[in-house]
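Have a look at the structure below, then the notes.
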Amino acid sequence: MSKTILITGVGKRVGFYLAQHLSQEGYQVVGTYRTLRPALQKLEALGVKLFQCDFYDIAQTEQLIAELKANYSSLRGIIHNASDWLPDKDHECAIATIEKMMRIHASTPYALNLALAPLLQSNQLQFSDIIHITDYVVDKGSKKHAAYAASKAALQNLTLSFAAKYAPKIKVNSIAPAMLMFNPDDDDNYKQKALNKALIKQEGGEVEALRAVKYLLDSSYTTGQTLKIDGGRHLV
Ligand SMILES: NC(=O)C1=CN([C@@H]2O[C@H](COP(=O)(O)OP(=O)(O)OC[C@H]3O[C@@H](n4cnc5c(N)ncnc54)[C@H](OP(=O)(O)O)[C@@H]3O)[C@@H](O)[C@H]2O)C=CC1
Ligand SMILES: Nc1nc2c(c(=O)[nH]1)N=C([C@H](O)[C@@H](O)CO)CN2
């Protein structure tokens, strides 16, 4: 009975928090990282198995898939967390920007889901899960991160397709956060403006993502859905 969960982008922040807490709760976590950081040793100490992979490099992604299929016979779940929040740049870089956004947020989840579906199907439990972490901007777009928003919308649409394709064994859902965590270089003015965009004027924090993940893993009836953890931003 496999409790092995693959999480992409465990090197910091939400992905790190999910890997840490799900492993402490008894899951065998397999994590991908791009940048090696000392903090990753804490995950290894918890038993997290780490694979280095830059998803912008197709060969590395294909190598990751081969290693996962060689080392694991079944999976309990896949959480697609890895993400790059690239702003729109000037037109010289436009094609490169949207291609990178589509690669990390749509092509990689698409390829991993198709390649690893047999491992999710062979899990002895009643259900396996695929969780796509998208974004509130899927419903609204973004003036400054249009390529990012479009790629997250593509990931949201993959939730619908894969939920139908893999039912009933594999549940496929999205988690769409709004203001989860600020970045270290966000100044007070930016933070106040961002918080004022929601009814609940605070960061959700990594814990909100973990709560949503645990709901989806525990559910026996939710698939093809989006859990919106946005502080009521859609009503402002
Ligand atoms: N923070 C927030 O307020 C919000 C977050 N979200 C979503 O929640 C998820 C987690 O957010 P957060 O923790 O803030 O994200 P971060 O941007 O802080 O971290 C993203 C992770 O993805 C990894 N990553 C980025 N590019 C690549 C790549 N090319 N190949 C492999 N790994 C890569 C990063 O690796 P590296 O170690 O190299 O940096 C990092 O570990 C993301 O999907 C994000 O889009 C949605 C809405 C709001
Ligand atoms: N990969 C990331 N995606 C997003 C981030 C981030 O830091 N990394 N941050 C946001 C913002 O918090 C936004 O929701 C509010 O300004 C969005 N996506």
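What number comes out for accessible area per residue over the range 4-235 if the probe is 1.4 Å? Units Å², please.
On the way: 11470 Å² over 232 residues.
Per residue, the range 4-235 has an accessible area of 49 Å².
For residue 51, which sequence-distant residues (separation of 5 or more, or a different chain) have an amide H within less than 5 Å of its own amide H, given hydrogens modelled in the peptide plane?
Result for residue 51 returns 31, 32, 33.
Under 20 Å Cα to Cα from residue 100, which aspartates and glutamates show up? Leave out anything in the same chain fewer than 8 places away.
54, 57, 62, 84, 88, 90, 92, 135
Are there any trypsin sites (Lys or Arg not before Pro) in the range 96-148 that are in a DSSP loop and have at most 14 other Cβ atoms within 10 Å? List them by number. Walk me through the numbers before you get to the answer.
Working: sites: 100, 103, 140, 143, 144; in loops: 140, 143, 144.
Qualifying residues, ordered by number: 140, 143, 144.
Can you give me the % of accessible surface on the chain that is carbon or sulfur? Probe 1.4 Å, all protein chains present, nothing else counted. Present the calculation step by step, with values, prior to reporting the outcome.
Details: 6240 of 11800 Å².
Answer for the chain: carbon and sulfur cover 53 percent of the accessible area.
From the square roots a ≥ b ≥ c of the eigenvalues of the alpha-carbon gyration tensor of the chain, which class results: rounded (a/c under 1.5), prolate (a/b over b/c), or oblate? Kindly include the intermediate steps, with their values, before the conclusion.
Numbers: a/c = 1.44, a/b = 1.36, b/c = 1.06.
Rounded.
Subtracting the Cα-Cα distance from 0.36 nm times the residue separation, let me have the gained length for residue 190 to residue 236 in nm, one decimal. The partial results should precede the final answer.
On the way: separation 46, 0.36 × 46 = 16.56 nm, distance 1.75 nm.
Using 0.36 nm per residue and subtracting the Cα-Cα distance, I get 14.8 nm.
Would you give the gap between the C-alpha center of the range 175-236 and the C-alpha center of the range 114-158, rounded to a whole Å?
16 Å
The values are calculated or read from the model by the stated rules, or taken from the named source; none is laboratory data. Being a predicted model, the structure only gives us computed values, none of them experimental. Neighbour counts are summed over all protein chains in view; Cβ atoms, including those assigned to glycine, are modelled from backbone coordinates with ideal geometry. Quick note on the areas: whole protein, heavy atoms, side chains included, nothing else; ligands and nucleic acids left out. Shrake-Rupley method; radii C 1.70, N 1.55, O 1.52, S 1.80 Å.
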